[in-house]
Amino acid sequence: MEFKFIPHAIEEMQERKIPLQTVLTVLNQPDEIVPEKNERKAYQAQVDINGKPYIVRAIVEPDGTVVTVYRTSKLKKYGSENDEN
């Protein structure tokens with residue numbers, strides 16, 4: 001799938017100091033793709049940023065538009081090993 005970024009997603013990446021290359025890796029080689037509201041999907045993967053583990057999530061519309069990107073240190077909540085659902 002070809003991805004495109006809305007300005008909000010780019011701004012969020014910059015503010016949250018998430019490198020573009022990291023986001024592209026998450027989009028093209030996600031650990032997991034999770035269904036979200038309004039037919040969106042969260043592409044996510046565990047990555048190291050500045051030596052610390054994070055889950056980076058990119059929220060994507062059905063047409064491949066990336067609407068936001070964020071990182072979280074809540075590995076158990078968002079990680080694929082989470083079986084609390």
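Descriptive notes on the structure:
- Identity of the residue in the stretch 27-42, of a type outside the set (D, E, K, R) and not in a loop (DSSP other than H, G, I, E, B), that ends up surrounded by the most Cβ atoms within 10 Å (Cβ to Cβ): LEU27
- With respect to (1) in a loop (DSSP other than H, G, I, E, B); (2) surrounded by 12 or more Cβ atoms within 10 Å (Cβ to Cβ), the lone exception for LYS17 is condition (2).
- In the stretch 1-14, of all residues being free of Cβ contacts under 8 Å to residues at least 24 places away in the same chain and not acidic (Asp, Glu), the one that is surrounded by the fewest Cβ atoms within 10 Å (Cβ to Cβ) corresponds to PRO7.
Here is a yes/no grid of residues against (1) surrounded by fewer than 14 Cβ atoms within 10 Å (Cβ to Cβ); (2) in a helix (DSSP H, G or I); (3) in contact (Cβ under 8 Å) with a residue 24 or more places away in the chain; (4) under 11 Å from the mean Cα position of the chain (by Cα):
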| position | (1), (2), (3), (4) |
| --- | --- |
| THR22 | no, yes, yes, yes |
| THR25 | no, yes, no, yes |
| GLN44 | no, no, yes, yes |
| PRO53 | yes, no, no, no |
| ALA58 | no, no, yes, yes |
| VAL66 | no, no, yes, yes |
| VAL69 | no, no, yes, yes |
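- Yes/no for LEU27 being among the aliphatic types (A, V, I, L, M) and out of contact with any strand residue (DSSP E or B) (no Cβ under 7 Å at 6 or more places or on another chain): no
Readers should treat all values here as calculations from the given coordinates under stated rules, not as data from a laboratory. The shown structure was predicted, so the numbers you read here are calculated from the model rather than taken from an experiment. Note: ideal-geometry Cβ built from the backbone for every residue, glycine included; neighbour counts use all protein chains shown.
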